[in-house]
Amino acid sequence: MQLRRRLRPSKLLILRWLLTCAACTISTAALLAVHVSPSGTVPSPSSSGPYKLSNREIGVAELKWMQEFSPLQLSRKIWQLDGADREVSEFEKLWKPPSNRGYAPCVARGSSISPLEESRGYLLVHANGGLNQMRAGICDMVAVARIINATLVIPELDKKSFWQDTSNFSDVFDEDNFITSLANDVKIVKKLPKEFAKATKAVKFFKSWSGIEYYQEEVYPLWDNYQVIRAAKSDSRLANNNLPPNIQKLRCRAFFEALRFAPPIEALGKLLVERMKSYGPYIALHLRYEKDMLAFSGCTYGLSPVESDELERIRENITYWKVKYIDPLEQRAKGYCPLTPKEVGIFLSSLGYPSNTPIYIAAGEIYGGDSHMADLESRFPILMNKETLASAEELGPFRRYASQMAALDYIVSVESNVFVPSHSGNMARAVAGHRRFLGHRKTINPDRKALIRLFDKIDKGMLKEGKNLSSRVSEIHRRRQGSPRKRKGPISGTKGKERFRSEESFYENPLPDCLCQFGIS
């Protein structure tokens, strides 16, 4: 009897040990099954390419399953069970946004703002450029209309740009919300009244980056002779800085609140965000490696001679692109070129993002397709885009319109856990500014000039990927993650138009004009 009593504690210990092993085995299996890929397998690069996954692979039932068992929640739970605090810390470091330091939007109309004055006439606007260039220009024209006491007619969108998009304003934006949201600031009408259709119009190219004095002294007097003023272009017509606070806040209300996308675009954009989030926290990568960008910038590094010749012909044949000869190596060395897909892969890996990180490719058609995406795919197999997340039927109404497709990318990018632009174009600036306005969401802005020097060393065998490269890349980008800072002024030594051009865009960083510090977060 005494012997049997001594054995019981041992049996209990063995039983506990077996149960613990079984629990760990089940937990590990669940982690491997869920965290690698929502379907339990990593998409095969040898199929149609991860960024061209068939819609069949992300069906509604599977999405529901993924939402119920989020990779983020499961992974963190298991790490805590194992007591692996270091892994949790590293995970949070990758996804945690910077502190907003108590900054929040402060764009409400102040009680001291004078009421809307009687309109002197109608302002017609031709918005030029791509989606985000037009968005910024339209919001500038809202402010201009206020300055010159004009009734703003719903702007006409650019139909002659590179993309040949025939969309009207109401196809891209919520027209009614735009009008009602700004009703206390500017009177806006959908069409020019018939009685003014044949009126003589003052067609004016407003001076770029102009202050309020220009519009008060040179544009406002036109009402003495005209009832309709037509702005031939809308982009960069207002200065970034040194405008009255009420005008700056009006620009922010227009850009971040009034100029919403049309309801069908908003609905599908929200659906894409939900589907992307079902994979766990994700990066939105604005991969500006498209034909128009490469042709315009003259960036041909990594391209074949045939591809380089094609881009050169495009640049020569587009008359309004003024610069025809560009040294591609000089462009790249100065950091003016977008990162290639391969370079983006090295960059994200060096920052510490694991291969199972979901990445949304916010872009049009990637130049060269699979041939240029292979390196990025091999590092990050879970690459998604509009075409992989939405069915052909869902995308059908938008597919033929570049601005509407770009609007979907914009929505998914703004709502991402991390946003990474491969080039500092209009889309990148607009998304970065919007994310700042919404609470300084994590936005990693690659230092292309510094990165190119590192990439060249790798190509020459002078540097290898690993701990050394990772520490250097991480240190370079420690302060480039979207934390609050005042908008940058002009580059020292620049003069004239170049001085204004070198300033940080107002819509890229609305601090201090539209963000106020209410407390420390």
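The values are calculated or read from the model by the stated rules, or taken from the named source; none is laboratory data. Predicted, not measured: the structure shown is a model, and the values here were computed from it. We place every Cβ from the backbone using ideal geometry, glycine too, and count neighbours over all the protein chains shown. Note: accessible area is taken over every heavy atom of the protein model, side chains too, but ligands, DNA and RNA are not part of it. Shrake-Rupley method; radii C 1.70, N 1.55, O 1.52, S 1.80 Å.
First measure r as the distance between the Cβ atoms of residue 486 and residue 270, then evaluate 1/(1 + (r/R0)^6) with R0 = 45 Å and state the FRET efficiency to the nearest 0.05. Once rounded, the FRET efficiency stands at 0.85. In order along segment 149-161, phi translates into HN-Hα couplings of 6, 10, 8, 8, 8, 3, x, 8, 7, 5, 10, 10, 6 Hz, rounded to whole numbers, per the Karplus curve 6.51 cos²θ - 1.76 cosθ + 1.60 with θ = phi - 60° and x for Gly and Pro. Take the Cβ atoms of residue 501 and residue 391, set R0 to 60 Å, and the FRET efficiency comes out at 0.90.
Note on segment 472-520: Cα convex hull, mean projected area over all directions, 5.1 nm². Which residues among segment 256-299 fall inside the zone where the amide N is under 11 Å from a point 7 Å beyond the Cα of residue 95, along Cα→Cβ? Label zone hits: 277-283. When you filter the chymotrypsin sites (Phe, Trp or Tyr not before Pro) in segment 473-521 for DSSP loop state and at most 13 other Cβ atoms inside 10 Å of their Cβ, you are left with 518. Evaluating kT/(6 pi eta Rh) at 25 °C and 0.890 mPa s, with the Kirkwood radius of segment 263-517 over Cα pairs in the Stokes-Einstein relation, gives 126 µm² s⁻¹. Taking only protein heavy atoms and a 1.4 Å probe, the accessible area of segment 263-517 is 52% carbon and sulfur. In this rough spin-label picture, where each label sits 7 Å from Cα along the Cβ direction, the residue 316-residue 116 distance is 5.3 nm.
So if R0 is 45 Å, what FRET efficiency would residue 242 and residue 371 give, r being the distance between their Cβ atoms, rounded to the nearest 0.05? So the FRET efficiency works out to roughly 0.40. Across the options 206, 143, 184, the greatest Cα extent toward the positive end of the charge dipole of segment 121-258 (unit charges at beta carbon of Lys, Arg, Asp, Glu) belongs to 206.
So, with +1 on the Cβ of K and R and -1 on the Cβ of D and E, and no other charges, what is the size of the charge dipole of segment 294-449 about its Cα centre, to the nearest 20 debye? Don't skip to the answer; put the middle values down first.
Working: 18 positive and 18 negative charges, 154 e Å.
Once rounded to the nearest 20, the dipole reads 740 debye.
Just so you know, the Rg over Rh for segment 121-258 is 0.93, from Cα atoms, with Rh as the Kirkwood radius. The loop-placed trypsin sites (Lys or Arg not before Pro) in segment 300-361, going by DSSP, that have at most 11 neighbouring Cβ atoms within 10 Å of their Cβ come out as 322, 324.
Over all Cα atoms in segment 354-500, the spread is summed up by Rg and Dmax: 17.9, 54 Å. Surface exposure of segment 256-348, expressed per residue as accessible area with a 1.4 Å probe, stands at 44 Å². With the charge dipole of segment 263-517 set up from +1 on Lys and Arg Cβ and -1 on Asp and Glu Cβ about the Cα centre, the Cα lying farthest toward the positive end among the listed residues 390, 333, 263 is that of 333.
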